[in-house]
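One structure below.
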Amino acid sequence: MTDNWDSYLCEVEGKPASILVDIGAVSLAPVLRLPYLAYVAISVANPDENGFPHGEEFDNLSFLEDALEDALTADETSVHIGRCITNGHYELVFYAAEPAGWNNRVAAIMERHPSCAWEADTRYEPGWDSYLGFLFPGEQDLLIIQNRRLCRLLREQGDLPGKIRPIRHRLDFFDPAAGRTFCRAARKLGFHTEETGAHAAQEGPGADTEESAAEGEADLIRLALNRLGAGLPTFRIYLTRMDTIENIDEISLSLMDSAAEHDGEYLGWSCLAER
């Protein structure tokens, strides 16, 4: 559906799992013309200790995934929305307009791969529950994805991740009093705080600096968070502290948890590349 795909690791029923998902589709879901969940589950012949395919088998399954996606979405009656690999299974998830003929369409492709054990099925799921409630990452995983994207953007600019630099964090709060209480706690942790008030909560990123480019990348994730959230925050706060980006997951996850305790949202961070 969109080009905004990413992956993350998690657990499914106590087993390690790797999920690849169309994050951008959250702004469109559910699509009313595609009310049927449709899937293809392929057995991994030689999984590693985590239940994942590896080596040549992973390459072959990736090739097969591309072939299935191309064939099953060619007539635009279905869309590929994600993939979950766990416990020796490689499962592709689609949403379709109609269930009729799904298994036959899958069988027409899989007959070229007789060594693969597989199954396919559909079910009526107009709310896209499997996408929104299972495939789509939770807030912490979404933040880690955002961090990974920003670090990659900085590396492309020649950044040295071990160098200390000012890192600026953005947070929104529904209650200004709670936001100010959060600020007092943040200052004790060495953060410089800026309280910009209600008007700034609607501002977008700038356009001309490396830091603004990083904020723009972060807003890809913010759009997804806003799609799943409720209400509009009214009070924006910026925090700045000298840190490296090597431990940005630990720093940002801690700020996210603390903001939530004060009825706030952690939106992300930005900094200039240090060369």
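The values are calculated or read from the model by the stated rules, or taken from the named source; none is laboratory data. Just so we're clear, the structure is a prediction, and the values are computed from it rather than from any experiment. Methodologically, a virtual Cβ is constructed for each residue, glycine included, from the backbone with ideal geometry; neighbour enumeration extends over all protein chains shown.
Take the residues of region 13-38 that are small (G, A, S) and within 20 Å of the chain's Cα centre (by Cα): which is surrounded by the most Cβ atoms within 10 Å (Cβ to Cβ)?
A25
Within region 1-24, can you find the residues that are of a type in the set (V, I, T) and under 20 Å from L72 (Cβ atoms)?
Residues satisfying the conditions are T2, I19, V21.
Within region 141-160, track down each residue that is surrounded by 15 or more Cβ atoms within 10 Å (Cβ to Cβ) and not hydrophobic (A, V, I, L, M, F, W, C).
Of everything in region 141-160, those that are surrounded by 15 or more Cβ atoms within 10 Å (Cβ to Cβ) and not hydrophobic (A, V, I, L, M, F, W, C) turn out to be D141, Q146, N147, R148, R149, D159.
Among the residues of region 167-185, is there at least one that is modelled with pLDDT of 90 or more, on the phi > 0 side of the Ramachandran plot and not assigned by TED's automatic domain parsing to the domain that holds E13?
There is no residue in region 167-185 that is modelled with pLDDT of 90 or more, on the phi > 0 side of the Ramachandran plot and not assigned by TED's automatic domain parsing to the domain that holds E13.
Right, I19: farther than 22 Å from D121 by Cβ, in the same structural domain as Y90 (by TED's automatic domain parsing) and among the aliphatic types (A, V, I, L, M) or not?
Criteria not met by I19.
Looking at this structure, is A97 at pLDDT 95 or above and surrounded by fewer than 16 Cβ atoms within 10 Å (Cβ to Cβ)?
no
Evaluate region 47-63: report whether one residue or more is over 20 Å from R123 (Cα atoms), outside any helix (DSSP H, G or I), of a type in the set (G, A, S) and at pLDDT 95 or above.
Yes, region 47-63 contains at least one residue that is over 20 Å from R123 (Cα atoms), outside any helix (DSSP H, G or I), of a type in the set (G, A, S) and at pLDDT 95 or above.
Suppose we keep only residues that are part of a loop (DSSP other than H, G, I, E, B) and in contact (Cβ under 8 Å) with a residue 12 or more places away in the chain within region 113-130. Which one would you say is surrounded by the most Cβ atoms within 10 Å (Cβ to Cβ)?
W128
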